[in-house]
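Structure, as structure tokens:
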Amino acid sequence: MIPSQVIFGCIAVILSIISYIPYIYDVLRNKTKPHIFMWILWSLLSGITYFIQLYNNAGAGSWSMGISTLACLFIFIISLKRGEKRIVLLDWICFLGALIAIGIWLFTVNQIAAVLLTTFTAVLSFIPTFRKSWSKPHEETGVTFTINAIKWIISLLALTEINFFTAFYLVAVIILNALLALLIYLRKLVKSANA
């Protein structure tokens with residue numbers, strides 16, 4: 001019999017792949033304009049989290065994080081040509097703050113600090129997209145963030161060991177993705193109603 005964690009891990013991987021397809025499709029059609037800072041930070045953060053999860057026996061619960069790392073890196077690469085070109089001071093502050101947090105993490109060997117700093121950095125990395133989605137909701141693909149929130153919930157269920165090191169970051173990105181998706185949908189409704 002296949003362990004439930006493996007089944008949930010496979011479902012999370014499938015959702016991970018599915019979640020990025022509409023986003024990449026919209027980027028290639030110039031409908032969605034990814035924020036460059038967000039996608040490079042998410043590549044770094046998901047990569048760091050993937051290795052933290054592996055080290056702490058996350059098992060199948062880490063598979064989706066590995067796939068997401070590759071997808072974020074791909075979106076970052078295409079965002080260099082097709083991404084958001086308007087970078088404001090708040091974006092720079094969040095980006096530099098995130099890089100400082102990653103730098104601090106690299107110099108600490110404390111895993112608790114690593115999890116807290118990567119989670120804090122994830123929060124910072126979402127701020128530019130929240131800002132952009134508020135003013136330009138039609139340049140974001142809400143379904144990707146909706147599926148991502150669901151995927152991370154399933155990834156939690158797939159964890160071989162559920163503990164602070166394997167689950168804290170996942171809980172944060174569940175909340176962040178759900179809030180971002182909600183913001184995108186609500187702002188699109190408001191903008192459409194006012195048009």
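The values are calculated or read from the model by the stated rules, or taken from the named source; none is laboratory data. As the structure is a computational prediction, the values presented were derived from the model and not from experiment. FYI the Cβ positions are ideal-geometry reconstructions off the backbone, even for glycines, and counts take in every protein chain you see. In case anyone asks, the SASA skips ligands and DNA or RNA and just uses the protein heavy atoms, side chains included. Shrake-Rupley method; radii C 1.70, N 1.55, O 1.52, S 1.80 Å.
Between helix 111-135 and the chain, what is the angle of the helix's C-alpha long axis to the longest principal axis, kept within 0 to 90° and rounded to the nearest 10?
That works out to roughly 20 degrees.
³J(HN,Hα) across the stretch 173-187 via Karplus (A = 6.51, B = -1.76, C = 1.60, θ = phi - 60°), whole Hz, x for Gly/Pro?
Along the stretch 173-187, the couplings run 6, 4, 4, 5, 5, 5, 5, 5, 4, 4, 4, 4, 5, 5, 5 Hz.
Nearest 10 degrees, 0 to 90: what angle lies between the long axis of helix 4-28 and the longest principal axis of the chain (Cα atoms)?
Between helix and principal axis, roughly 20 degrees.
Pick from Leu90, Leu45, Leu159: which residue has the top mean-square fluctuation in a GNM of the chain where Cα pairs under 10 Å get a spring?
Maximum fluctuation in the GNM of the chain, among the listed residues, is at Leu90.
Suppose only helical runs count, i.e. DSSP H with n ≥ 4. What mean residue ellipticity at 222 nm does that imply for the chain under -39500 (n - 2.57) per run, divided by all residues and rounded to the nearest 500 deg cm²/dmol?
-28000 deg cm²/dmol
Obtain the nm distance between the two label points defined at His138 and Tyr25 by a simple spin-label model: each point lies 7 Å from its Cα along the Cα-to-C-beta direction.
Once both label points are built, they end up 2.0 nm from each other.
Just need the relative contact order of the stretch 75-161 here, percent rounded to a whole number, with Cα pairs under 8 Å and 6+ apart.
On the way: 32 pairs, mean separation 21.5, N = 87.
Relative CO of the stretch 75-161 lands at 25 percent.
Of Pro128, Pro34, Pro22, which is the most mobile in a GNM of the chain whose springs link Cα atoms less than 10 angstrom apart?
Pro22
Using Cα pairs closer than 8 Å and at least 6 residues apart in sequence, work out the relative contact order for the chain, in percent. Don't skip to the answer; put the middle values down first.
Numbers: 293 pairs, mean separation 63.4, N = 195.
Reported as a whole number, the value is 33 percent.
Any chance you could give the angle, 0 to 90 degrees and rounded to 10, that helix 142-158 forms with the longest Cα principal axis of the chain?
Compared with the principal axis, the helix lies near 10 degrees.
Give the calculated FRET efficiency between Val6 and Leu70 to the nearest 0.05, with a Förster radius of 22 Å applied to their Cβ-Cβ distance.
E(calc), rounded to 0.05, equals 0.60.
Using a Förster radius of 35 Å, what is the FRET efficiency between Val88 and Ala195 based on their Cβ-Cβ separation? Nearest 0.05, please.
0.90
Going by Cα centres, the stretch 1-80 and the stretch 138-175 are how many Å apart?
That distance is 10 Å.
For the pair Leu182/Asn57, report the inter-label distance in nm, with labels modelled 7 Å from Cα in the Cβ direction.
Each label point is offset 7 Å from its Cα along the Cβ direction, giving 3.5 nm.
From the Cα gyration tensor of the chain, with a ≥ b ≥ c the square roots of its eigenvalues, which class applies: rounded if a/c is under 1.5, or else prolate if a/b is larger than b/c, or else oblate?
Since a/c reaches 1.5 but b/c is at least a/b, the shape of the chain is classed as oblate.
Taking only protein heavy atoms into account and a 1.4 Å probe, give the accessible area per residue of the chain in Å².
Per-residue value: 48 Å².
Taking amide H positions as placed 1.01 Å from N in the peptide plane, with prolines and chain starts having none, which residues 5 or more places from His35, or on another chain, fall under 5 Å of its amide H?
Here the answer is Glu84, since their amide H atoms fall under 5 Å of that of His35.
For a quick check, take a GNM of the chain with Cα springs below 10 Å and name the residue from Ile48, Ile112, Ile18 with the largest mean-square fluctuation.
Ile112
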